[in-house]
Structure formats: C-alpha cells, structure tokens
Amino acid sequence: MLDPKLYSLLAVKATGNFTRAAEQLSLTQPAVSQHVRALEQELGVRIFDRVNNAVKLTHEGEIVVKYAKRMMALQENMKGELTNEKLQIASLTVGITHTAESNAIAEALARYVQRHENVTVKVITGTADKLCGMLKNYEIDLAIIDGKKPDPSLNYLMLDTDNLVLITSPDHRLAKKNSVTISDLKKERLILRLPTSTTRKLFVSALECSGMSLNEFNVVLEMDSVATIKDLIRRDFGVSVLARSACMDEISKRKLVALPIETIPMMMETNLVYAPDFDHPGLLKEIMRCYNETQRTNFDPTGLF
C-alpha cells in the first residue's frame, strides 16, 4: 500500500502547516516532520522551505507532490475496481468539456447506463487542459473534449466532427440569411466563450489565418457557460460563435438559428481521450455506438432509424 510518508507529505501540502497536518492524520507533529525529512533524504531533494510558521513547496517538492497525488489516485482506483469486482458493478468517471456537455454526449452516456444497469457514471466538466491533466493523474477514467491536445502521453479516438457557426435568435436581423460575412459579424455584439476554451481558440486562429484580429470585433461579454450564452442569445442580447452540435436541440426547435460564416470555415473534432493503460476497449466502442444512435435519433424527426 501507499507509503505512510506520502500521506504526511500531502497533508502538509494541503494544510500548509506541520501541526495542522498532524492533527488531520491523528499523528504527532514530530512524526509528520520525520516523515517529510525521511522523504527528503530518500529522494535527495528539499521538499519544503520553512517560512515562519508556514511551509512552501520547492520546485522539486512540486514534482514530488505531483507524483504522490498520482500514486494516491492509482491506489484509490485499485480499491474501487476491486470493490466493483466483488459486487459485480462498475463505475466510470467521465470528464466533458462545456461544449461537449451541450451536445448528444450526455444522452449517449445515459443510453449506455440504461443498457448496463450495474454501471454508474459520474460526469464532471472542465476545460480540455484541465481534463487532460486529470486523466494523467488518474482522477478520471475518460475525457470527451472538443479539439485535440498535442499530448503523446494520451490516446485519442475521434467521436465526431463539428463546425463553428454564428448563432442568433430567430428574430435577429441576420436569421433569414443563408450565411453571414465577416462584415456582418463586425456589426454585431458578440458573446463569446472564455479565451481558454477550444471554441474561442479555434475562432481566433481562423481570424488570424485570414489576417484579422478579434480586436476588430465588438465583444461585449465573455463567459464559460454555453447554456448561459445560448439563453442570452435567445433573449437577443447578442450573437455568438459556437459549435453547431452545442445548439442542435435549440436549432431543431427553432429557438436558435445557426449560420455558416463565409470565408472562414471552422471545423473541429470531438474526441474520446484515455490513458494508454485504459484496458476497456469494449466500453469505448459501446459509448461510440450509443453516441451514433443518439445522433441518428436526434436528426430523424420521427425518432426511427
């Protein structure tokens, strides 16, 4: 099992104090201090700098803590999987980006759970960068992200392709057009995703490739929540550039309108991301099958496929 010295290390990191760490672990303060000193001697590095009554991680200490967290997560995963094996159940933690959360993926996961009654799925959301970091730390089992990070330590399986489009309300002056131009876009009040989002990065990159800058546009609001952006657009507070799939339900119900932007086509992938040692290939195929069924159902107004 995990070395007790690592529990002391992580407790000191979390509390910022040896005394509070000892209280948290029900140990004496000298015992916690000895654990950290033993780790420093064993690894040949200084882990903490002592500053008055607080401690601060050194650069080497940050590396030690990073791997200690991974070891802790692996141990918890092992215990969970052994428990699941005994009880004949399985659990899955899936991280989804905000754009991916808004399309057919949630329904696909619901289909998967419906067909596997002993399986439970926990869904969390975050940016692609955050979720890929959690994958590498074994904090989640899978991630479903828009775009693709240049990270050779993770495996990618393309789930779908998507396009960024201009999203307006049905009553907007542009809603009756078949497409819009950059000149049209420059006259509008833009409500955009945050700069860290894949959607925003792709839009900015497409503009720069065409010799333009986002500074030439009237960006009035920036926020992370796709649902909030769509609600504001429906109420005519502005327009946005979003993934078409994130708005499919509203588009099909004529609550929102999607318009291609001329001269700057913007296509991105939606990917299933997993660690190289993820050993459930059948699960990946089943999630993809559920996703494809969901897409066919949503695009067929009769619900038949």
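The values are calculated or read from the model by the stated rules, or taken from the named source; none is laboratory data. Computed from a predicted structure; not experimentally measured. Note that we place each Cβ from the backbone using ideal geometry, even for glycine, and neighbour counts take in every protein chain shown. Surface accessibility is based on the protein's heavy atoms, side chains included, excluding ligands, DNA and RNA. Shrake-Rupley method; radii C 1.70, N 1.55, O 1.52, S 1.80 Å.
Values as computed for the structure displayed
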| quantity | calculated |
| --- | --- |
| Answer label for log10 I(q)/I(0) by the Debye sum over Cα atoms at q = 0.08 Å⁻¹ (calculated), chosen among [x] -0.35; [y] -0.41; [z] -0.50 | [z] |
| Rounded tilt (10° steps) of 59-87 against the dominant C-alpha axis of the chain | 80 |
| Too-long pairs where the Cα-Cα distance tops 25 Å, listed order kept, from Lys177/Lys255; Lys13/Lys122; Lys56/Lys149 | Lys13/Lys122; Lys56/Lys149 |
| Mean-position separation - Cα centroids, region 108-160 and region 34-68, in angstrom | 32 |
| Dipole moment magnitude, nearest 20 debye, region 33-155 about Cα centre, only Lys, Arg, Asp, Glu C-beta charged | 180 |
| Dipole magnitude (debye, nearest 20) for region 123-229, charges at Cβ of Lys, Arg, Asp, Glu | 360 |
| Heavy-atom surface of the chain, accessible at 1.4 Å and reported per residue (Å²) | 53 |
| Simple Cβ-charge dipole of the chain, Lys/Arg +1 and Asp/Glu -1, about Cα centre, in debye nearest 20 | 560 |
| Long pairs among Lys136/Lys253; Lys66/Lys230; Lys79/Lys130, criterion Cα-Cα beyond 28 Å | Lys136/Lys253; Lys66/Lys230 |
| Mean Cβ count within 10 Å, highest first, over the residues of peptides 210-221, 25-36 | 25-36, 210-221 |
| The chain, accessible surface, carbon-and-sulfur percent (1.4 angstrom probe) | 52 |
